[in-house]
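A.B. asks: Attaching a single structure in structure tokens format; questions to follow.
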Amino acid sequence: MNESASSPAPRVVAILLAGGLGKRAGFELPKQLAELAGKPVLRWSLDALAAHEAIAAGVLVASEDVAAAIGPLPAGWEIAVPGAERQDSVANALAALADRDDDALVLVHDAARPGVSAVVIDRLLDALKDGAKAAIPTLPVPDTLVEQADGEAGAVVDRGALARVQTPQAFHLGTLRHAHTAARDGSATDDAQIVRRLGVGVTAVEGDARLHKLTYADDMAILSGLLGSNVMMQTAVGMGYDVHRLVADKPLWIGGLEIEHSHGLEGHSDADVALHALTDALLGALGEGDIGDHFPPSDPQWRGAASHRFLSFAAERVAARGGRIGHIDLTIIAEAPKIGPHRTAIRERIAEILAISPVRVSVKATTTERLGFTGRREGIAAQAVATLQLPEN
């Protein structure tokens, strides 16, 4: 749509939603604070939106802790408090924009999609300037889709009529205000759904694979590959060693598996010597201390805890740093029981905990030829080496 040269371009404001807890990602911190190629996930979107020449101001919807953790806001940006649901958070941001005219344009973006680019923003704004009241980025569905029930695949769903919806989503501010005022529940997963309930058409523009959403810990590796191509990676190696005494009348846990034996390992948790060594190896490669720093034996909440929780935590710390587990090498030192019959199962269990392929996990077993405490069957030891790929600082 052509506009006269004297007609000023509509002002564009952005709403950046960063109020979720991200529990499915399993990170210790909110996922929007996880480091991706050297900076927090949230900062990727904030910097990209603030740098776009058409965006004059913005509202970051985030808790005080999250806002404080990412540093100063760009000029023209302010904070709004998160709501109980996504729809409530957007409503709070709209309240912060109460002084803006209805003919302003607004972009609503999820901080869990750090790959926002100026190209996608331009496509959305061009659609609005050409007469659309709302516009969203979409991508085709490349996979075959089937109905599924009780673990059994059913009929194929026609993917030709389907698309993957991304953010940011663009609206005339008045349209979005009207839609949220008319909405009566918080069940919508994005703002385009709310606008469509008014009978307003939503234009689809080409999306971007780099707008991949961070939902699970494994998504950090995908995002690192998509966004970190210009980021130099470095190899980090960590070593872990652990030993526990064998005692009667306890179950024996090694490598995440309960192994039948006359004795078990003594410790504050389940005393899985193999997983403890692996956890220390990962934390060592990260330079983040050892298992006792994060799970002190003086804390009663870890009494009897399953050690796979410690190893999962270490793997999540790798993902939160934008890193990748390249290889794990574990050696279990025991006179009894014999580890050989369980070696494959231990390898597969460790790969499952770390969410990596078993080909990247090595499990070996040895004895000390009846020398020392392990040779006297007084205890079991384990040593591990972890090789990581991490973004350079």
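A.B. asks: Considering all alpha-carbon pairs of the stretch 78-170, what whole percent are spaced by more than 15 angstrom?
C.D. replies: Everything past 15 Å amounts to 72 percent.
A.B. asks: Please give the per residue accessible area of the stretch 254-342, computed with a probe of 1.4 Å over protein heavy atoms only, in Å².
C.D. replies: Heavy-atom accessible area per residue stands at 37 Å².
A.B. asks: Here is a follow-up. Taking +1 at the Cβ of each Lys and Arg and -1 at the Cβ of each Asp and Glu, which of LEU173, ALA192, VAL156 sits farthest along the dipole of the stretch 150-204 towards its positive end, judged by Cα position relative to the Cα centre?
C.D. replies: LEU173
A.B. asks: Quick check on the chain: helices-only [θ] at 222 nm, where DSSP H runs of length 4 and up contribute -39,500 (n - 2.57) each and the sum goes over total residues. Nearest 500, please.
C.D. replies: Counting only the DSSP helices, I get -8000 deg cm²/dmol.
A.B. asks: Hey, another quick one. If ligands, DNA and RNA are left out, what is the accessible area of MET239 with a 1.4 Å probe, given in Å² to the nearest 10?
C.D. replies: The accessible area of MET239 comes to roughly 150 Å².
A.B. asks: Give me the dipole magnitude in Debye, nearest 20, for the chain about the Cα centre, with unit charges on the beta carbon: positive for Lys and Arg, negative for Asp and Glu.
C.D. replies: Computed charge dipole of the chain: roughly 460 debye.
A.B. asks: Name the residue farthest towards the positive end of the dipole of the chain from the options LEU107, ILE325, THR138, assuming +1 on Cβ of Lys and Arg, -1 on Cβ of Asp and Glu, about the Cα centre.
C.D. replies: The residue sitting most towards the positive pole is ILE325.
A.B. asks: Given N residues in the stretch 233-391, what is Rg(Cα) / (2.2 N^0.38 Å)?
C.D. replies: 0.99
A.B. asks: Considering only GLY256, GLY76, ALA93, whose Cα is most displaced toward the positive end of the charge dipole of the chain, charges sitting on Cβ of Lys, Arg (+1) and Asp, Glu (-1)?
C.D. replies: Farthest towards the positive end: GLY256.
A.B. asks: Could you tell me the relative contact order of the chain? Use alpha-carbon pairs under 8 Å, at least six residues apart, and round to a whole percent.
C.D. replies: So the answer I get is 16 percent.
A.B. asks: For the chain, give the percent of accessible area contributed by carbon and sulfur heavy atoms, probe 1.4 Å, rounded to a whole number.
C.D. replies: Carbon and sulfur together cover 49 percent of it.
A.B. asks: Sticking with this one: Viscosity 0.890 mPa s, temperature 25 °C: give me the Stokes-Einstein translational D for the chain in µm²/s, with Rh taken as the Kirkwood radius over C-alpha pairs.
C.D. replies: 103
A.B. asks: Provide, for the chain, the number of lysine pairs with alpha carbons under 21 Å apart, each pair being eight or more places apart or on different chains.
C.D. replies: Lysine pairs meeting the criterion: 8.
A.B. asks: Here is a further query. Taking the Cα centre of the stretch 12-227 as the origin, how large is its charge dipole in debye, to the nearest 20, when only Lys and Arg (+1) and Asp and Glu (-1) carry charge on their Cβ atoms?
C.D. replies: Once rounded to the nearest 20, the dipole reads 100 debye.
A.B. asks: Follow-up question, since we're still on this one. Compute the signed sum of charges (Lys and Arg +1, Asp and Glu -1) over the other residues within less than 13 Å, Cβ to Cβ, of ASP190.
C.D. replies: Net charge around ASP190: +3.
A.B. asks: Regarding the stretch 12-227, what are the three Cα extents along the principal axes, ordered largest first, in Å?
C.D. replies: Rounded to whole Å, the extents work out to 52, 42, 33 Å.
A.B. asks: Once you list every other residue whose beta carbon is under 10 Å from the beta carbon of LEU390, what net charge do they have if Lys and Arg are +1 and Asp and Glu are -1?
C.D. replies: It works out to a net charge of 0.
A.B. asks: Could you grab the relative contact order for the stretch 246-320? Cα pairs under 8 Å, six or more apart, rounded to a whole percent.
C.D. replies: 28
The values are calculated or read from the model by the stated rules, or taken from the named source; none is laboratory data. From a predicted model like this one, the values you see are computed outputs, not experimental measurements. All Cβ positions, glycine included, derive from the backbone under ideal geometry; neighbour counts span all protein chains shown. Accessible surface is based on the protein model in full, side chains and every heavy atom, while ligands, DNA and RNA are left aside. Shrake-Rupley method; radii C 1.70, N 1.55, O 1.52, S 1.80 Å.
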